[in-house]
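Everything below concerns the one structure shown next.
The values are calculated or read from the model by the stated rules, or taken from the named source; none is laboratory data. Fair warning: this is a prediction, and the values are worked out from it, not measured in the lab. Here the Cβ positions follow ideal geometry from the backbone for every residue, glycine too, while neighbour counts run over all protein chains shown. Please note that ligands, DNA and RNA were not included when accessible areas were found on the heavy atoms of the full protein model with its side chains. Shrake-Rupley method; radii C 1.70, N 1.55, O 1.52, S 1.80 Å.
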Amino acid sequence: VPTGVEVSSQWAYTYVDIQRCGRNTEKTNNLLSAIRRSDAHGILSNIHNDFEEFIFEKFPALQRQKILLEAQCGGRIILAGSGGALTRIYMRD
């Protein structure tokens, strides 16, 4: 989903605090287990992007767009890569 917000990957990787990344080990472990089980609901519930914490601090409009899209579309909306775009993740029937 294009958002109109441009985030340079170089800037994002410079700005991200690597000491704060990877701390959501419970979600990561749950995600890996769900992938191994082919559990779509578990994947949907646990997928995440560590960049969101940092990018949304600097680009609150992007976070607002994420929240709005989740309310409108259902499923999960997460930051695509280091940002700018968002991606919709959903379960197929």
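Please determine whether any residue of the stretch 47-61 is more than 17 Å from Leu79 (Cβ to Cβ) and part of a loop (DSSP other than H, G, I, E, B). So that I can check it myself, show each step before the final result.
Here is the first cut: in the stretch 47-61, the ones more than 17 Å from Leu79 (Cβ to Cβ) are none.
No, the stretch 47-61 has no match at all.
Reported count of residues in the stretch 27-42, each being in contact (Cβ under 8 Å) with a residue 12 or more places away in the chain and surrounded by fewer than 11 Cβ atoms within 10 Å (Cβ to Cβ), is 1.
Counting the residues of the stretch 44-91 that are more than 11 Å from the chain's Cα centre (by Cα) and free of Cβ contacts under 8 Å to residues at least 40 places away in the same chain gives 12.
Residue count for the stretch 1-21 satisfying the condition of being in a helix (DSSP H, G or I), modelled with pLDDT of 85 or more and of a type in the set (S, T, N, Q): 3.
For the stretch 74-93, give me each residue that is open to solvent by 60 Å² or more (accessible area, probe 1.4 Å) and out of contact with any Cys (no Cβ under 9 Å at 6 or more places or on another chain).
Across the stretch 74-93, the qualifying residues are Met91, Arg92, Asp93.
Each residue in the stretch 62-92 was checked for being assigned to a helix (DSSP H, G or I) and among the small types (Gly, Ala, Ser), and 1 pass.
Just to be sure before I move on: is Asn24 open to solvent by 40 Å² or more (accessible area, probe 1.4 Å), among the polar types (S, T, N, Q), within 14 Å of the chain's Cα centre (by Cα) and over 18 Å from Thr87 (Cα atoms) in the structure I sent? Against the criterion (open to solvent by 40 Å² or more (accessible area, probe 1.4 Å), among the polar types (S, T, N, Q), within 14 Å of the chain's Cα centre (by Cα) and over 18 Å from Thr87 (Cα atoms)), Asn24 qualifies.
Restricting to the stretch 56-72, count the residues that are closer than 21 Å to Met91 by Cβ, touching a Phe, Trp or Tyr at 6+ places or on another chain (Cβ under 9 Å) and open to solvent by 60 Å² or more (accessible area, probe 1.4 Å).
Of the stretch 56-72, the ones closer than 21 Å to Met91 by Cβ are 66-72.
Now restrict to residues that are touching a Phe, Trp or Tyr at 6+ places or on another chain (Cβ under 9 Å): 66.
Checking which are open to solvent by 60 Å² or more (accessible area, probe 1.4 Å) leaves us with none.
Of the residues in that region, 0 qualify.
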